[in-house]
1. Once you put a point 7 Å from the Cα of residue A:318 and another 7 Å from the Cα of residue B:87, both along the Cβ direction, what distance in nm separates them?
2. What 222 nm value per residue comes from the helices of chain A, counting each DSSP H run with n ≥ 4 as -39,500 (n - 2.57) and dividing by all residues, nearest 500 deg cm²/dmol?
3. Suppose the chain between residue A:16 and residue A:129 were pulled fully straight at 0.36 nm per residue; how much longer would it get relative to their current alpha carbon spacing?
4. Rounded to the nearest 20 debye, what is the charge dipole size of the stretch B:33-166 about its Cα centre when +1 sits on each Lys and Arg Cβ and -1 on each Asp and Glu Cβ?
5. Give me the net charge for the shell around residue A:305: Cβ to Cβ below 13 angstrom, other residues only, Lys and Arg +1, Asp and Glu -1.
6. Just how far, in whole angstrom, is the stretch B:38-109 from the stretch B:296-335 if you go by their alpha carbon centroids?
7. At 7 Å along Cα-to-Cβ for each site, give me the label-to-label distance between residue B:267 and residue B:312 in nm.
8. Using 0.36 nm per residue, how much length does the chain from residue B:319 to residue B:213 gain when fully extended, once their Cα-Cα distance is taken away?
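The values are calculated or read from the model by the stated rules, or taken from the named source; none is laboratory data. Values in this document were obtained by computation on a predicted structure and should not be read as measured data. Here the Cβ positions follow ideal geometry from the backbone for every residue, glycine too, while neighbour counts run over all protein chains shown. Side chains included, ligands, DNA and RNA excluded: accessible areas come from the protein's heavy atoms. Shrake-Rupley method; radii C 1.70, N 1.55, O 1.52, S 1.80 Å.
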Amino acid sequence: MISYNSKTLDNIEVIEAAEKALHKKCITAEEYQQIKTAYPVDLYTPNPYVRIGLFILTVIIVFFSFGLFCLLTMNGGEKAIGVLTFIFGLGCYAAIEYMVHEKKHHKSGVDTALMWMSGSAIITAVFIITDMHMPPSLMCLLVLLPATFFVLRFADVLMSVVAFLSFLALLYCILISAGWMIIPFTMMGASFAVYLAAVQLAKVQTYRHYLSCLQMLQIVSLITLYLAGNYFVVREVSNEMFNLYLLTGESIPGGWIFWIFTIILPPLYIFAGIRKKDRILIRTGLFLIAGIVFTIRAYHSVAPIEVAMTLGGIVLIAVAYGITKLLQPSRKGFTSEQTDDDVTDAIQLESLIIAQSFHQGGTQGDHFDFGGGSGSGGGASGTY
Amino acid sequence: MNIHLFEKLQNDGLVSPTSTEKVRLISANKLFSLHWELKTILYLGVLLLSGGLGILIYKNIDTIGHQAILALIALISAGCFAYCYRKKLPFSWNKVLAPNGFFDYVLLLGCLTFLTFLAYLQVQYNVFGTRYGAATFIPMLVLLFCAYFFDHLGILSMAITNFAAWLGLTVTPLQLFQSNDFFVTGRLINTGVFIGALLVFIAYMGDRKNLKKHFAFTYSNFGVHIFMIACLAGLMGDGFGNRYGDENGYGYLGWFLLMAAVTVFCYMQAMKKRSFYFLLIVALYGYIGLSYMVVRGLVAIDSMGAFYLGMLYFIVSGIGAVVFLVNINKRIKKA
């Protein structure tokens, strides 16, 4: 099913492993060269920055080609435009296959851009032709099918997110007649099933080329598992979609179940992640701690925001300090030291994040803002 | 690293047994690193604490408690600086590593609380009076000094944004477009060109004279973006020209030439440094500038044929730019 040559993809893995080994001075440069000639890779994968540039440029090319294409056939009416868009989407797809097989592009930005354009063109075409007269569940299916196809064909990571979310949306549309109490639990069940499946499939040799897609699926399904059980999400969505007419301060029936999910899931993720040494579980859990804080603050004002921030900051610093001290020297296979090789990019990124979150605006006119420290509150609210 | 893979490579005679043994040793001792997780928690902690203290003092500014909070802030700041001063490795114009994982964040907390302290002094006692420039200039100096003295890239970024703020420009990455009304005031454009050129110059000189070489990326990153955006604003200042006779003259040509010259300079520097990042942004800014000139020319022709020509231009030039980037990528990889 996958569009690339399986052998070549395996060779990429070998070369990457050899590169790492060379970086850590385990193998010599001659050995690295030998491996490179024994495992040839003829696919073209440029540097990430070049990839971004190629993506943008391809989008520009495709848009203007489409514009020219439409101009030449302008007076055909709405249906004709729909058909043209459909043909254009198919054309984009043909272009990807050409780039992959003839030009040997592999995640080069060009193929990614063509893939998104092709998918959206086909979906838009169906919308135009049917004039949007279709049930929502069909719309979800309409997104799910091409997205799944693209995932299987090109192993694209972001496309797997689209496929998964459209799957959940489809489930939601089907269940909406079953009542609001069923939905959270089914959503949680579906997310959990997808998570387990992704974990199992990631271990299977046959699906090795989809490893990054499966890892992404794990992250997203863990997040949707949490969101489906989160009190805030359940209360607000149920209130909105099923007209429960809740007043502020009123709880949904059986709300305590969702409070338990809200508070217990992220620590559970982190705990499980530490036991299994699974980075995905740990990071998702840490990220979702913010969900706990947000949900509690949405309904119960524990302390004024500035006190909460100050205390929270002190707690976080203490936690980080405590764990670091605990892991010096390393303990039970955990360390606080850095083990990965290349870090320069991460440090540059960090400095930009610092500049962004502690910003100080230009002094305009002659009023003086209370700058510096208070300005950083704006950055903090984003993370809360 | 997968040990089975290297065993297979050894069987194929591609890797010597000693090399396989090294790989085995490393993969057996491989530790699970929580480095970035801990750093993120620490960063969030510093962010929340300094932000919280800032708001705390802001809200309590006229009550009795604010003196205590102020003393606390001063104490934290002084404590952080004292810690950094004691722990820091000797100063050098080369890269100085942080003595431990906390150093960078302690310094950050110290600088942030110091900024809050200064801002408080201004609001309450008006120490800088109405010289509002000084209120951003002095923090800028302190930040700049800290960045060099303690070798901290994040503080350097803050110093640069502060420097631009002192001159009236907001340059934090996400607000570069929102907060600056480039198109309304020519003064902002000139300021932007000046700041951008200065930052690129500092990066260039620092790199050549070997003064904190690793700061060059941060300087030129801010510099190139500010300069190019200011240039584009100057270039596009009068829209697509006035089709009933050009009253604004040929000012845009000057901007275009300036931009072209800097694009060539940055392109050569990027090739020399083999930086994909700068190649990309320079290529994109250059492409925008060039496309603007072409579209402006086509608007002047003002016919349906020109419209089609414009569409064709974007398709052909886009393909040309793709080929250019692909070739550059190959050239840098070979070099």
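1. Label at residue A:318, label at residue B:87, 1.9 nm between them.
2. On the way: 15 runs with 275 residues, N = 384.
The helix contribution divided over chain A gives -24500 deg cm²/dmol.
3. Values: separation 113, 0.36 × 113 = 40.68 nm, distance 4.67 nm.
Extending this stretch completely gives an extra 36.0 nm.
4. Details: 7 positive and 4 negative charges, 40 e Å.
About 180 debye.
5. On the way: positive: A:297, B:59; negative: A:306.
Residues near residue A:305 contribute +1 overall.
6. About 50 Å separates the Cα centre of the stretch B:296-335 from the one of the stretch B:38-109.
7. Result: 2.4 nm between the two label points.
8. Working: separation 106, 0.36 × 106 = 38.16 nm, distance 3.65 nm.
Extending this stretch completely gives an extra 34.5 nm.
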